[in-house]
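Below is one structure, written out as structure tokens; comments come after it.
Just so it is clear, none of the values below were taken in a lab; they were calculated from the coordinates. Just so it is clear, the model here is predicted, and its values are computed rather than measured. Here the Cβ is made from the backbone with ideal geometry for all residues, glycine too, and neighbour counts use every protein chain on show.
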Amino acid sequence: METLAVQVLNSLFYASVLFLIACGLTLIYGVMRIVNLAHGNLYALGGYVTAWAVLRLGTLPPAWLFVLLPAGAIAVAALGAILEPSLLRPLYRRPEEYQLLVTFGLLLILEDLMHFLWGPHPLSPGALADFLGSTSILGATYPNYNLLVIAVGFVAAALIWAFVYKTKFGVILRATSQDRRMASALGVNVKRVYVQAFTIGCFLAGLGGAIIVPISGAVLGMGVDALVLAFVVVVIGGLGSLEGALVGAIIVGAVRTLGITFFPEIELAVLYLIATAVLLARPAGLFGRA
Amino acid sequence: MNATAALPKALTLRRVGASTIPAALLLIVIPFLVPPYQTILLSYGLIFAIAALGFNLLLGYTGLLSFGHSAYFGVGAYAVAFLVKYFRVASMEAFLVGGIVASAAAAALFGLICVRYTRIFFSILTLALSQVLWSLALKFYWVTGGTDGLRVPTPTLLAGLAQAGGDKVTFLSRPYYYYILVVFFLCVGVMWVIVNSPFGKALQAIRDNETRAEFVGVQVRRYRWVAFLVSGIFTGVAGALWVPLNGLTTPDIIYWPFSGEIVFLTVLGGFRTFAGPIVGAVVFNYLKQYAIGTTTYWQFILGAVLVVLVMTMPAGIVGTLGRLGWRSQRAN
């Protein structure tokens, strides 16, 4: 029984982080029709910034360090607000191959930027994770920090849902994603919406990185690994769909967790095969439109 | 000024020969002019050029951006490694045949799955499938050697007719270089025939206007699949040639950033031209080696080059040169 509880919680833990990354990716695609290959490295950057901030100010009492957690998210969001007008805006009217290439170039640049700023060794602000201790759930000892991550994931999902479906800005966002020209004709400042959407997407990616680093540390290459997984989530859930990102994240989190425990050799392959199967049966994903 | 002055000059055999024969002659005599290291470096460039030629059949001529071409490169490479590991084969010809058969099988299977979709779904699907292969190569370490990879020793060329005497460097910079060069010329020739054939024209029609092509009678899906198959085979040949040169094959060449590099070098040369991928592959190879040799942050350099390239020179090297040449001709 304990193992089952641990498996479920671990699945949700992975799913939380994956959801944050995938949500940003799908939001950016849904609104701007850009597949952001650099999204994984934005997640990594968020992780690095948070890890660095926590380690730098490590003498503070741990309760204060929690305030620093969103530092990574905010930094990446700020970067996104700069990147969108400079790198992506010139490419909207060009064929989408060029958008993929620019974001791929950005991926390479960010990878070495992190290497340059923080060196080749991982950063581990583990003190934050240890500080919260652990609780006993159904007989198994489970770290409280992981529960916090799960909570953050759920809260983020709820907040994003409310934001997109219940606020005026959310309406504008959805309108722009459905029909850019019409929204523009109705007076929406599409350029501004694009920057805002990209910034929100980057914030989510950075937040994903920020909350995972106390557990797994900030490592070079984590962005590239995460990106492909985020792609699988978004493919399963549907490009452009937020519910799809949530469901996809849960599915991928579950398959990964169960896979690592029960069939470790083909666990990765199973994931990509599921993505392939979904693409074949329903290319728009479980919740995607057309 | 009459109307014909506004059109680019026709691609006559004479004009093509004028630009390619000096290049071909240079390639033939280069091992005698430069140190062995440079020759070996150029060999890598030629191998990537073959891969890029294949890739561009899909991108430039059929309009499909595959982000999973590393899969066929890797299949070709691992086919060679398996031939060595399980069958103790050492003949380069057998390596090539093995690489072609394996990559053809992979491309045929993946192509069946992928060509039903276009644009971003096609790209993501090719990416996902290449990642399936990568994860298998990574995890089944008792077969594939995992991250250690599989070693491939020096093969025999032409069943021993070409002397392999001397050390490995001499072998790689002379006999093996010419072997690669011959295969390269063959591949260029075959690809030239393909893209100028009715099949090639049909592919371009599909690229330009899929619906119209279908209404004219072109079986879009079947032509795409054949293009996918041919493209995969070319890249598999490149992979098979690459392993003896590299001595080792690891899952890294199936990992998706390598697919990104293939896209990068094709666009660098110019994916709307025939020679673009070749030029792009060779230039990219030198660029990458130079960057790696200069700084630890070589990915930054490559990324910056890519961004600048897309912003300012989207037609690539050959494309931009072609445009400049045309403009200067028009001015006359």
* Please identify the chymotrypsin sites (Phe, Trp or Tyr not before Pro) of the range B:28-77 that satisfy two criteria: DSSP loop assignment and at most 15 other Cβ atoms within 10 Å. Which are they? -> none
* Structure fact -> With T = 10 °C, eta = 1.306 mPa s and Kirkwood Rh from C-alpha pairs, the Stokes-Einstein D of chain A in µm²/s is about 82
* Asked: How fast does the range B:106-214 diffuse by Stokes-Einstein, in µm²/s, taking the Kirkwood radius from C-alpha pairs at 20 °C and 1.002 mPa s?
  -> 117
* the range B:234-259 and the range A:210-233: distance between their alpha carbon centers, rounded to Å -> 26
* Structure fact -> For the pair B:Ala105 and B:Asp167, the simple spin-label estimate (label points 7 Å beyond Cα toward Cβ) gives in nm 3.9
* Pick out which of B:Arg151, B:Arg221, B:Arg88 has the largest mean-square fluctuation in a Gaussian network model of chain B, springs linking Cα atoms closer than 10 Å. => B:Arg88
* For chain B, built as a Gaussian network whose Cα springs stay under 10 Å, the top-fluctuating residue of B:Leu58, B:Leu129, B:Leu241 -> B:Leu129
* **Under the Debye formula (equal points on every Cα, no solvent term), log10 I(q)/I(0) of the range A:183-223 at q = 0.19, 0.24 Å⁻¹** => -0.64, -0.79
* Structure fact -> The simple spin-label model distance between B:Glu93 and A:Val155, using points 7 Å out along Cα→Cβ, in nm, is 7.1
* Using Cα pairs under 8 angstrom and six or more residues apart, how large is the relative contact order of the range A:1-150, in percent? -> 35
* Structure fact -> The Kirkwood hydrodynamic radius of chain B, taken as the inverse of the mean 1/r over all distinct Cα pairs, in Å, comes to 20.6
* To do: Enumerate the whole-percent occupancy of each 20 Å bin, from 0 to the last occupied one, for all C-alpha pair distances of the protein assembly as shown.
  => 18, 51, 27, 4, 0
* **Residues B:Arg222 and B:Tyr141, FRET efficiency given R0 of 41 Å [Cβ-Cβ distance, rounded to 0.05]** => 0.60
* **Helical contribution to [θ] at 222 nm, DSSP H n ≥ 4, -39,500 (n - 2.57), averaged over chain B, rounded to 500** => -24000 deg cm²/dmol
* **B:Arg151 versus A:Thr261: modelled label distance in nm, points set 7 Å from Cα along the beta carbon direction** => 4.1
* Asked: What is the ratio of the Cα radius of gyration of the range B:34-138 to 2.2 N^0.38 Å, where N is its residue count, to two decimals?
  -> 1.20
* May I ask for the percentage of alpha-carbon pairs in the range B:237-332 that lie more than 21 Å from each other? => 41
* Report the calculated FRET efficiency for B:Asn209 and A:Leu4 (r = Cβ-Cβ distance, R0 = 45 Å), to the nearest 0.05. => 0.20
* Asked: Given the range B:62-101 reduced to its alpha-carbon atoms as identical point scatterers, what log10 I(q)/I(0) does the Debye formula return at q = 0.33, 0.34, 0.35 Å⁻¹?
  -> -1.06, -1.10, -1.13
* Asked: How large is ³J(HN,Hα), in whole Hz, for each residue of the range B:269-278 in order, when computed from phi with the Karplus curve 6.51 cos²θ - 1.76 cosθ + 1.60 and θ = phi - 60°, using x for Gly and Pro?
  -> x, x, 7, 9, 10, 6, 7, x, x, 5
* Based on the Cα gyration tensor of the range B:240-289, what are the three equivalent ellipsoid semi-axes, each the root of five times an eigenvalue, rounded to whole Å and given largest first? -> 21, 12, 10
* To do: Report ³J(HN,Hα) in whole Hz for each residue of the range B:308-321, in order, from the Karplus equation J = 6.51 cos²θ - 1.76 cosθ + 1.60 where θ = phi - 60°; Gly and Pro get x.
  => 4, 4, 5, 6, 9, 10, x, 7, x, 5, 5, x, 5, 4
* Asked: In whole angstrom, and with the biggest value first, how far do the Cα coordinates of the range A:94-201 range along each principal axis?
  -> 58, 39, 20
* Asked: log₁₀ I(q)/I(0) of the range B:154-303 at q = 0.16 Å⁻¹, via Debye over equal Cα point scatterers, no solvent, to two decimals?
  -> -1.08
* Structure fact -> If every Lys and Arg gets +1 and every Asp and Glu gets -1 at its Cβ, then about the Cα centre the range A:12-144 yields a dipole, in debye to the nearest 20, of 260
* Asked: Top mean-square fluctuation among A:Ala22, A:Ala73, A:Ala38, Gaussian network model of chain A, C-alpha springs under 10 Å?
  -> A:Ala38
